[in-house]
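Report on the structure given below.
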Amino acid sequence: MRIKGNIKEVKQGLRQKCRAYRESLSPQQKQQMDAAIRTRLFRLSVYRQSRILFTYVSKPIEVDTIAIIRHALTHGRQVAVPRCIPGTHRMQFYFIHSLDDLTPGTFGVLEPDIERCQPVTDLSQGLCIVPGLSFDSQGYRLGYGKGYYDRFLAAFGGSTIGICYRNCAPWKLPHGYYDRPVDLLITEKYIRNIHRAGKHASSRQEVRHG
């Protein structure tokens, strides 16, 4: 994407726009959209076949993952959620057995209680649900600007899914050479499979429902 002006200012403007849209949603609208995204996720073979689910624990402004965590645990999957490492922009995933294993942590986000949870040492497999304020048609994401997931995804060897509201999913976003796109994007309106012929080449297939 060709950027006019300072890229940091452009990204900040996009973040503000996405935040404003999410904050404008009524509780009923958000619940309906979150449910539609979950339904599409649960139908995917990559989700049904994955035994380890890496996922963020959602804040009120984000696509809800609490119900996803409950579903995964109920269906016998291992669930791993992140803890921000103090003094760094890195995070460590820990396995949880229930939502009771979560406690308020960095930025007020629920994180695993490290006294009760085991750290994940193998990042070579599994399915990761990636947070983002916005995702584009090529799977590139606009995060919160701290770089936590950028660093994690650079070391993660499994499959990745971005979940996002349709109105926060433009055709193109600014991204860097080393940014890693997600493998699939799910919105309340569609699933987009992102196939990469090479490191930076991609073709797209979109599956719409209703």
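Results, tabulated for the structure shown:
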| quantity | calculated |
| --- | --- |
| Inter-residue pairs, beta-carbon under 8 Å, first on the phi < 0 side of the Ramachandran plot and in contact (Cβ under 8 Å) with a residue 24 or more places away in the chain and in the stretch 46-66, second among the hydroxyl-bearing types (Ser, Thr, Tyr) and outside any loop (DSSP other than H, G, I, E, B), 6+ apart | 46/159; 50/159; 53/47; 65/55 |
| Checklist (1) assigned to a strand (DSSP E or B); (2) over 15 Å from residue 56 (Cβ atoms); (3) not acidic (Asp, Glu) applied to residue 178, failing item | (1) |
| Some residue of the stretch 49-56 being of a type in the set (Ser, Thr, Tyr), more than 18 Å from the chain's Cα centre (by Cα) and not in a loop (DSSP other than H, G, I, E, B) | no |
| Any chance residue 173 is in contact with a helix residue (DSSP H, G or I) (Cβ under 9 Å, 6 or more places away or on another chain), at pLDDT 95 or above, part of a loop (DSSP other than H, G, I, E, B) and among the hydrophobic types (A, V, I, L, M, F, W, C) | no |
| Of residues in the stretch 86-119 being in a loop (DSSP other than H, G, I, E, B) and touching a strand residue (DSSP E or B) at 6+ places or on another chain (Cβ under 6 Å), the one nearest to residue 60 (Cα to Cα) | 105 |
| Subset of the stretch 138-169 (residues that are in contact (Cβ under 8 Å) with a residue 40 or more places away in the chain, assigned to a loop (DSSP other than H, G, I, E, B) and either of a type outside the set (Gly, Ala, Ser) or within 22 Å of residue 21 (Cα to Cα) (or both)) | 138, 139, 140, 144, 145, 146, 156, 164, 165 |
| Residue within the stretch 20-42 that is in contact with a Gly (Cβ under 9 Å, 6 or more places away or on another chain) and not in a helix (DSSP H, G or I) present | no |
| Breaking point among (1) touching a helix residue (DSSP H, G or I) at 6+ places or on another chain (Cβ under 8 Å); (2) part of a strand (DSSP E or B), for residue 80 | (1) |
| Condition met for residue 40 (within 26 Å of residue 193 (Cβ to Cβ) and among the charged types (D, E, K, R)) | yes |
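Conditions tested, residue by residue: (1) in contact (Cβ under 8 Å) with a residue 60 or more places away in the chain; (2) farther than 23 Å from residue 127 by Cβ; (3) not small (Gly, Ala, Ser).
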site	(1), (2), (3)
74	no, no, yes
84	yes, no, yes
88	no, yes, yes
92	no, no, yes
98	no, no, no
104	no, yes, yes
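Table: residues versus (1) hydrophobic (A, V, I, L, M, F, W, C); (2) surrounded by fewer than 17 Cβ atoms within 10 Å (Cβ to Cβ); (3) closer than 15 Å to residue 127 by Cα.
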{"site": "17", "(1), (2), (3)": "no, yes, no"}
{"site": "23", "(1), (2), (3)": "no, yes, no"}
{"site": "34", "(1), (2), (3)": "no, no, no"}
{"site": "47", "(1), (2), (3)": "no, no, yes"}
{"site": "51", "(1), (2), (3)": "no, yes, yes"}
{"site": "58", "(1), (2), (3)": "no, no, no"}
{"site": "62", "(1), (2), (3)": "no, no, no"}
{"site": "79", "(1), (2), (3)": "yes, no, yes"}
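The values are calculated or read from the model by the stated rules, or taken from the named source; none is laboratory data. No experiment lies behind these values; they were computed from the predicted model shown. For neighbour counting, all protein chains shown are included, and Cβ atoms are generated from backbone atoms with ideal geometry for every residue, glycine included.
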